[in-house]
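What follows is a set of notes on a single structure, which appears directly below.
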Amino acid sequence: MRMLINVPETVVADALRGMAAAHPELAVDVENRVVMRRDAPVEGKVALVSGGGSGHEPMHGGFVGPGMLAAACPGEVFTSPVPDQMVRAAAAVDSGSGVLFVVKNYTGDVLNFEMAAELAEDEGIQVAKVLVDDDVAVTDSLYTAGRRGTGATLFVEKIAGAAAEEGQPLERVEAIARQVNASSRSFGVALSAVTTPAKGSPTFDLPPGELELGIGIHGEPGRERRPMMTSGEIADVAVQAVLDDLRPDGPVLALVNGMGATPLLELYGFNAEVQRVLAERGVPVARTLVGNYVTSLDMAGCSVTLCRLDDELLRLWDAPVETPALRWGR
């Protein structure tokens with residue numbers, strides 16, 4: 001096992017301690033596993049709270065800051081955070097304007113955020129929830145009923161976060177988050193298996209020279225396994241799968257995402273192929289983001305997420321943001 005860790009049991013706590021040291025603008029509660037804006041609660045603003053299993057960094061802790069999340073709750077690796085974390089986070093960042101929980105559609109996350117919402121409301125906190133379920137590859141999987149939540153989580157957190165930063169009310173921030181999710185679709189590809197710290201070896205068997213089309217962010221199976229393909233061939237399959245479901249009739253926002261072990265040299269080359277396919281299909285691209293944002297530990301691979309845009313969503317996407325992993329305009 002080649003991992004830059006001490007022991008598997010402390011990997012999340014160690015990462016949070018390092019995050020706190022690198023980002024003094026954040027308040028990182030290592031013991032209770034909550035990452036917050038240091039200036040929270042921000043008077044008159046809805047607070048976005050998200051979270052999920054660790055191993056997908058920079059999601060979610062790397063998206064905490066002005067213009068995006070007010071707080072994030074990291075669970076153990078590939079394991080949902082517990083309701084106490086979410087309630088503690090909601091109470092810490094609520095200004096009285098309400099809290100929006102952003103939840104990826106995985107069974108543990110859904111159940112725990114539901115319970116946390118009930119507990120927070122018992123404490124007098126107004127809570128709304130949005131479920132992210134953008135993955136077109138499979139319906140129902142090892143971890144979820146329905147579609148999995150993947151790359152569109154970033155779009156929801158950024159765009160709804162911008163609306164919250166402007167002081168828009170909870171009902172409107174929730175509606176925008178739901179619109180972004182409904183307007184987004186994703187498809188992922190694995191070139192190698194993922195290795196968790198606890199196991200220390202690949203969690204599934206992907207022989208050399210093969211890839212998995214439609215993989216999930218925990219290494220869940222996809223649609224099919226094929227011999228290795230070129231970047232252009234992968235783009236043809238992935239983008240077409242998204243377009244067949246999304247059917248955009250105007251400009252889109254594109255995320256070309258790495259799964260953790262794919263270098264930017266390859267991701268930018270893959271983006272060139274994604275842009276080619278979109279141009280061939282007559283789909284205009286308003287904005288593109290390329291990088292490792294919604295990852296799966298050491299998995300080599302990529303995903304494509306597209307979001308249908310209107311003028312308001314594009315304006316909110318372009319609005320200033322200042323987080324460890326995403327920042328512009330401030």
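The values are calculated or read from the model by the stated rules, or taken from the named source; none is laboratory data. All values reported here derive from a predicted model rather than from experimental measurement. Cβ atoms come from the backbone with ideal geometry, glycine included; neighbour counts cover every protein chain shown. SASA here: full protein model, heavy atoms, side chains in, ligands and nucleic acids out. Shrake-Rupley method; radii C 1.70, N 1.55, O 1.52, S 1.80 Å.
In the range 220-245, the residues that are under 15 Å from Arg276 (Cα atoms) form Cβ pairs under 8 Å with partners that are buried (at least 19 other Cβ atoms within 10 Å of the Cβ) and among the basic types (Lys, Arg), at six or more places apart or across chains, as follows: Val242/Arg185. Annotation note: Cβ proximity below 7 Å between a residue of the range 184-212 that is under 19 Å from Val256 (Cα atoms) and a residue that is aromatic (Phe, Trp, Tyr) (sequence gap 6+ or interchain) occurs for Ser184/Phe155.
Where strands (runs of 3 or more DSSP E) fall wholly inside the range 141-243, the ranges with 1 or more residues that are more than 25 Å from Gly55 (Cβ to Cβ) and at pLDDT 95 or above are 224-227.
No other residue among Arg276, Arg308, Arg281, Arg287 is over 17 Å from the mean Cα position of the chain (by Cα), charged (D, E, K, R) and either within 28 Å of Thr196 (Cβ to Cβ) or buried (at least 20 other Cβ atoms within 10 Å of the Cβ) (or both) apart from Arg308. Residues that are farther than 20 Å from Thr203 by Cβ and touching a Lys or Arg at 6+ places or on another chain (Cβ under 9 Å) within the range 1-22 comprise Ala13, Leu16, listed in sequence order.
Residues in the range 209-239 that are in contact with a Lys or Arg (Cβ under 8 Å, 6 or more places away or on another chain) and closer than 16 Å to Arg281 by Cβ were compared, and the one that is surrounded by the fewest Cβ atoms within 10 Å (Cβ to Cβ) is Gly232. Checked against the criterion of being in contact (Cβ under 8 Å) with a residue 40 or more places away in the chain and within 18 Å of Thr153 (Cα to Cα), the range 269-280 contains not a single residue that satisfies it. For the structure I just gave you, tell me whether Val173 is touching a residue at least 40 places away in the same chain (Cβ under 8 Å), more than 16 Å from Asp109 (Cα to Cα), touching a Lys or Arg at 6+ places or on another chain (Cβ under 9 Å) and open to solvent by less than 10 Å² (accessible area, probe 1.4 Å). Criteria not met by Val173. Any residue that is surrounded by 14 or more Cβ atoms within 10 Å (Cβ to Cβ), out of contact with any His (no Cβ under 8 Å at 6 or more places or on another chain) and basic (Lys, Arg) - is there at least one of those in the range 247-264? Scanning the range 247-264 turns up no residue that is surrounded by 14 or more Cβ atoms within 10 Å (Cβ to Cβ), out of contact with any His (no Cβ under 8 Å at 6 or more places or on another chain) and basic (Lys, Arg). The residue pairs whose first member lies in the range 1-25 and is touching a residue at least 24 places away in the same chain (Cβ under 8 Å) and more than 15 Å from Met36 (Cβ to Cβ), whose second member is surrounded by 16 or more Cβ atoms within 10 Å (Cβ to Cβ) and of a type in the set (A, V, I, L, M), and whose beta carbons are closer than 6 Å, counting only pairs six or more residues apart or on different chains, are Ile5/Val11. Of the strands (runs of 3 or more DSSP E) lying entirely inside the range 1-117, those containing at least 2 residues that are modelled with pLDDT of 95 or more and open to solvent by less than 10 Å² (accessible area, probe 1.4 Å) are 34-37, 47-54, 71-77, 99-104.
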